[in-house]
Amino acid sequence: MSIRTAVALHTRLRRTLVGPARMRDSVIVIVGALLCAGLIFGLLYDVFDSALRRWTDRDLDRRSHLIGVAMQASSRNATPDAMQRLLGDLSSTDDAANLIACSPAGTSIAASGIARGLGCRSELARAALFNLTAHPHAASSARTASS
């Protein structure tokens, strides 16, 4: 065997071990790793998204309950002006905004923010009332506050 033949065989062997086949295997491993990372990220996103939505729902329920309790305690014999000041105080912070107090007949007693323009019989107000009736502890305090 001549030196040229040995070099040619060595070159072929090297191309076979390190060449395009090795590159293809590396690409397959990288693509597989990216697919696994995407799947894991997608699953984690769903878990965190649903946990955040549940936390937000519970937080809104608690806030509506606390607002209902505050309104109930302060509105027993309150005038509409006093209720307007109370809603203004409650909505002055970022904890609550766009509050409305409605009578059982569906008329607006006091409101703050964009709730002034919506009224008690708007689609949004009816949806909020429907949501409150689905959560009994929030519904009782909100109904008491609006009466």
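Tabulated values for the structure
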| quantity | calculated |
| --- | --- |
| Residue that is modelled with the lowest pLDDT [pool: residues in the stretch 19-78 that are of a type outside the set (A, V, I, L, M) and in a loop (DSSP other than H, G, I, E, B)] | 19 |
| Residues (modelled with pLDDT under 70 and in contact with a strand residue (DSSP E or B) (Cβ under 6 Å, 6 or more places away or on another chain)) located in the stretch 99-147 | 146 |
| Residue count for the stretch 84-98, restricted to those that are modelled with pLDDT of 80 or more and either exposed (fewer than 12 other Cβ atoms within 10 Å of the Cβ) or in a loop (DSSP other than H, G, I, E, B) (or both) | 0 |
| Test: residue 81 is modelled with pLDDT under 85, exposed (fewer than 14 other Cβ atoms within 10 Å of the Cβ) and either outside any helix (DSSP H, G or I) or touching a helix residue (DSSP H, G or I) at 6+ places or on another chain (Cβ under 7 Å) (or both) | no |
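The values are calculated or read from the model by the stated rules, or taken from the named source; none is laboratory data. Computed from a prediction, not measured in an experiment: that's the story for all the values here. Positions of Cβ are backbone-derived with ideal geometry, glycine not excepted, and every protein chain shown enters the neighbour counts.
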